[in-house]
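The values are calculated or read from the model by the stated rules, or taken from the named source; none is laboratory data. The shown structure was predicted, so the numbers you read here are calculated from the model rather than taken from an experiment. Glycine gets a Cβ as well: all are built from the backbone with ideal geometry, and neighbour counts include every protein chain shown. We work out accessible area using only protein heavy atoms, side chains counted, and drop any ligands, DNA or RNA first. Shrake-Rupley method; radii C 1.70, N 1.55, O 1.52, S 1.80 Å.
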Amino acid sequence: MPIERTLAIIKPDAVAAGNAGHIIALLEREGFEIVAMKKVTLTEAQARAFYAVHRARPFYDSLVRFMTSGPVIPVVLEREDAISALRKVMGATNPANAEPGTVRKLYATDIEKNAIHGSDAPGTAAVEKPFFFSSLELG
Ligand code: CMP
């Protein structure tokens, strides 16, 4: 399995609830190394751009409102097979369907306020990492 980097975002619900540290600790226990991390509050334009792939979906406006409702913590993570490993440890989008022990089972509220985002494929990771981090920050 190749060493990969992926982008996670700890979402406003998890940051506001004080769960960011717990989520980072869980990810480190799963073998992810933190390459870069910051705390930012997205503007509406930034949230719309980040989730542009979902712009035709009925939940898009609500998702943008949620993602701009407070600070988020984007994190670039590295490990073997990082992209699919992160998806597995995040759990299903809807926490009602998430496996026990996953981030969303432990910390998500509902299908929208679901604690964490993770890039879903290598092409997505390649776009999402530089959305938040410069090449200088990524080394
Ligand atoms: P994420 O993995 O960041 O990708 C898109 C986000 O839209 C998703 O997590 C949820 O926060 C949000 N969302 C809200 N409703 C839905 C839905 N019905 N299906 C998928 N994603 C949804």
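Excluding same-chain pairs closer than 8 in sequence, count the lysine pairs in region 14-139 whose Cα atoms lie under 16 Å apart. Before the final figure, lay out the partial values.
Values: LYS38/LYS129; LYS39/LYS129; LYS88/LYS105; LYS105/LYS113.
Counting lysine pairs in region 14-139 gives 4.
For the pair ALA121 and TYR60, a Förster radius of 35 Å applied to the C-beta separation gives a FRET efficiency near 0.95, rounded to the nearest 0.05.
Determine the order of LYS129, LYS11, LYS39 by accessible area, beginning with the largest, at a probe radius of 1.4 Å. It would help to have the intermediate numbers written out before the result.
Details: LYS129 45, LYS11 10, LYS39 135 Å².
Listed by decreasing accessible area, they come as LYS39, LYS129, LYS11.
For ILE3, what charge total do you get from the other residues with a beta carbon under 13 Å from its beta carbon, if Lys and Arg give +1 and Asp and Glu give -1? Value of the local net charge: -3.
Ordered by solvent-accessible area of protein heavy atoms (1.4 Å probe), largest first, the residues MET90, MET1, MET37 come out as MET1, MET37, MET90. Just checking the listed ones, HIS54, HIS117, HIS22: in the Gaussian network model of the chain with Cα springs under 10 Å, the one fluctuating most is HIS54. Hull volume per residue, based on the alpha-carbon atoms of region 3-138 and their convex hull, is 99 Å³.
I need the calculated FRET efficiency for the pair VAL40 and ASN97, taking r as the beta carbon distance and R₀ as 41 Å, to the nearest 0.05. So, using R0 = 41 Å, E works out to roughly 0.90. Per-residue SASA remark: PHE59, around 80 Å² accessible (1.4 Å probe; ligands, DNA and RNA not included).
Work out the FRET efficiency for SER135 and ALA49 from their Cβ-Cβ distance, taking R0 = 22 Å, and round it to the nearest 0.05. It would help to have the intermediate numbers written out before the result.
Numbers: r = 19 Å, r/R0 = 0.88.
Calculated value: 0.70.
Across ILE24, ILE9, ILE111, the residue with the most accessible area heads the list, and the full order at a 1.4 Å probe is ILE111, ILE24, ILE9. Summing +1 for each Lys or Arg and -1 for each Asp or Glu, what net charge is found among the other residues whose Cβ lies under 11 Å from the Cβ of GLU137? Net charge around GLU137: +2.
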